[in-house]
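Below is one structure, written out as structure tokens, with a few remarks after it.
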Amino acid sequence: MSGTANLESSRTWQSDSQPGSRRIGNRSRCFRWRTGLAIVVLGGLTQTVVWNLAGSDRTLQVLYSMPILSATILLFVLWWLFISGLPWLSRFLGILGVGAAVGLWMLVFRFDGFWGDMIPRFMFRWQPTSLERAEQYWAYQLAQPAMIDLDSTSKAEQQSDPVPLPITDFDWPGFRGPNRDGVVKSGEIRRDWDRTPPKLLWRHPVGLGWSSFAVVGGLAFTQEQRRELECVVCYDFHTGRQLWVHSDIAQFTETLGGIGPRATPTVFDSRVYALGATGILNCLDSRRGSVVWRCNILQDAGADNLTWGMSGSPLVYGKVVVVSPGGPGHTIVAYDRWTGEKLWAHGNRRAGYAAPRLAIIGGMRQILIFGGDGLSGHDPNTGGELWFFSWPHSEQINVAQPIVVDEVAICFGSGYGKGSALLDIVVDAHAWTIKKTPRWTSKQLKLKFNGPVAKDGYVYGLDEGILVCLNLATGKRQWKRGRYGYGQLLLIGDVILVQSDTGEVVLVEANSERHRQIARFPAIKGKTWNHPVVTRGRLLVRNAQEAACYDLRP
């Protein structure tokens, strides 16, 4: 038996040692490794081509690249395990090493939501999570007694006539200012921040959410999530001290946007109107925070909530408060601002995320609604639709506020590769018409959820995180410079205040000829999507972690 085994072994060795057999073995190994190399090269080339085809649209680049990257990794792992021809011990050790590296990464870092371009955001595990920060904030607020205790306020006092809260030209009564256009008209600000940096007046933690501030008469109103409570909060604008809190048992959460309310309160005639992410609309006394009336606009409309929650700040004028819940017959809805009674509702178009706004177009005041299906104008007395321009999005992601140009045209746009346009509105013999095609469309200004500003015939906005200047007459791009992420803009005289999505605040010249940054400083920390406020020479900023107020007066 031993001799037979040795003979077979000798034959096998002789067979393997033949030149033809060696060539076959080398050819097989070469084919295997070429296959692995082809997977890597083709995956990388496909990734590069798709990245370039998406142009400068960072969101589409990320969305399209992730499946390709995942498929490349999966194919390479399958090749490594079943085709590479390596000894099984080497295959096992390779997979074990990769698993150990992934495990080490997971031990050190944890997922903490997404940036505006949908790139995952990671933090060290020893840093507090957003919920843990919210708990720290909760403990902080419990140690800060409110100036007004609603529980101890008598029912007669809560139902008494509100104390007047007049709105002046120096106030910021709602989302993006008095006209919802991001233009600051209440004086100049200091610009030499190197020599005289912005002076911090106060800073403290806040609850979760993406609401901005409304500031009137020394009072600052915002919305926050505190545990299971969705809150409308009033702070002293000068000191940051909490004055009162109204809370509802409601919590909206979603993976990309996170937890908390999105819309900014609106102040009008001594009352505060706030729309929560789940559709709760509150009318509150501005001085005390007591409830005047309350309803749920989604339940009233028989409509489902949007993927990222109700975000459009209420529009208040005359005797009505206007919202856009969507749903059958409820594109636009008006409630009596004193009683909460529903006065009228019109339209069957889907809701979007932009806030309704009043504008003068063709000499007539009307309501602009940038909904999930497009842009429309409505009669402010009845809600009836005057005109409509189709600008659909599969996920209803029309977010950025439209801006009116010389009362005859509207500049608007969306992200996710959609771009922007300038639409001419014409009234002839009391009939409203729109041109079938916009004056221009452009892929150079993709307004994802960042509202633009306009000055002297040019529009400035963040195109997937990079500041862009377009000629409003032609749509031609003047320049594109400065990566500020998915932040927000304000126009102050001849400068643009840019708040980056990391909490840094920057001043840029509103100059169509060039991009020139003249000042910057770190205002707050953390992911910052909330809109900044500048009023009475002070800058008010917040995100889902903290709020701060700075003195910018000359």
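For the stretch 281-303, state whether one or more residues are assigned to a strand (DSSP E or B) and closer than 30 Å to Lys436 by Cβ. Walk me through it before giving the result.
Going residue by residue through the stretch 281-303, those that are assigned to a strand (DSSP E or B) are 281-285, 291-296.
Now narrow it down to the ones that are closer than 30 Å to Lys436 by Cβ: none.
Checked against the condition, which is being assigned to a strand (DSSP E or B) and closer than 30 Å to Lys436 by Cβ, the stretch 281-303 yields no hits at all.
Yes/no matrix, rows are residues, columns are (1) of a type outside the set (Lys, Arg); (2) surrounded by fewer than 16 Cβ atoms within 10 Å (Cβ to Cβ); (3) at pLDDT below 95:
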position	(1), (2), (3)
Arg481	no, yes, yes
Gly487	yes, no, yes
Leu490	yes, no, no
Gln499	yes, no, no
Val505	yes, no, no
Within the stretch 86-120, tally of residues that are in contact with a Phe, Trp or Tyr (Cβ under 9 Å, 6 or more places away or on another chain), exposed (fewer than 13 other Cβ atoms within 10 Å of the Cβ) and either within 30 Å of Gly415 (Cα to Cα) or of a type outside the set (A, V, I, L, M, F, W, C) (or both): 2
Output for the stretch 428-456, where each listed residue is at pLDDT 85 or above, of a type in the set (D, E, K, R) and part of a loop (DSSP other than H, G, I, E, B): Arg439, Lys443, Lys446, Lys448, Asp456
Qualifying residue in the stretch 391-399 (condition: closer than 20 Å to Gly487 by Cα, modelled with pLDDT of 90 or more and in a strand (DSSP E or B)): no
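Considering each residue of the stretch 201-235, count those that are more than 26 Å from the chain's Cα centre (by Cα) and touching a residue at least 24 places away in the same chain (Cβ under 8 Å), and give that number.
Total satisfying the criteria: 2.
For Ile425, state whether it is under 22 Å from the mean Cα position of the chain (by Cα), at pLDDT below 95 and at negative phi. Break it down into steps so the answer makes sense when it comes.
Values: under 22 Å from the mean Cα position of the chain (by Cα): no; at pLDDT below 95: yes; at negative phi: yes.
No; evaluated as a whole, the condition is false for this residue.
So that you can scan it fast, the table gives a plain yes or no per residue for (1) basic (Lys, Arg); (2) under 30 Å from Met123 (Cα atoms); (3) buried (at least 22 other Cβ atoms within 10 Å of the Cβ); (4) over 16 Å from the mean Cα position of the chain (by Cα):
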{"residue": "Gly457", "(1), (2), (3), (4)": "no, no, no, yes"}
{"residue": "Leu470", "(1), (2), (3), (4)": "no, no, yes, yes"}
{"residue": "Val508", "(1), (2), (3), (4)": "no, no, yes, yes"}
{"residue": "Asn511", "(1), (2), (3), (4)": "no, no, no, yes"}
{"residue": "Ala523", "(1), (2), (3), (4)": "no, yes, yes, yes"}
Every residue from the stretch 70-124 that is among the basic types (Lys, Arg) and in a helix (DSSP H, G or I): Arg91
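When the stretch 336-354 is examined, which residues are found to be touching a residue at least 60 places away in the same chain (Cβ under 8 Å) and either loosely packed, with under 14 Cβ neighbours inside 10 Å or in contact with a Leu (Cβ under 9 Å, 6 or more places away or on another chain) (or both)?
Filtering the stretch 336-354 down to residues touching a residue at least 60 places away in the same chain (Cβ under 8 Å) leaves 337, 353.
The answer is Tyr353, and nothing else.
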Hits in the stretch 308-335 - residues which are aromatic (Phe, Trp, Tyr) and either at pLDDT 95 or above or crowded, with 24+ Cβ neighbours inside 10 Å (or both): Tyr317, Tyr335
1 or more residues of a type in the set (A, V, I, L, M, F, W, C) and in contact with a His (Cβ under 9 Å, 6 or more places away or on another chain): qualifying strands (runs of 3 or more DSSP E) within the stretch 464-530: 466-471, 477-483, 488-492, 504-509
Test: residue in the stretch 121-130 that is closer than 23 Å to Ile259 by Cβ, at pLDDT 70 or above, among the aliphatic types (A, V, I, L, M) and surrounded by 11 or more Cβ atoms within 10 Å (Cβ to Cβ): yes
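The values are calculated or read from the model by the stated rules, or taken from the named source; none is laboratory data. Fair warning: this is a prediction, and the values are worked out from it, not measured in the lab. For neighbour counting, all protein chains shown are included, and Cβ atoms are generated from backbone atoms with ideal geometry for every residue, glycine included.
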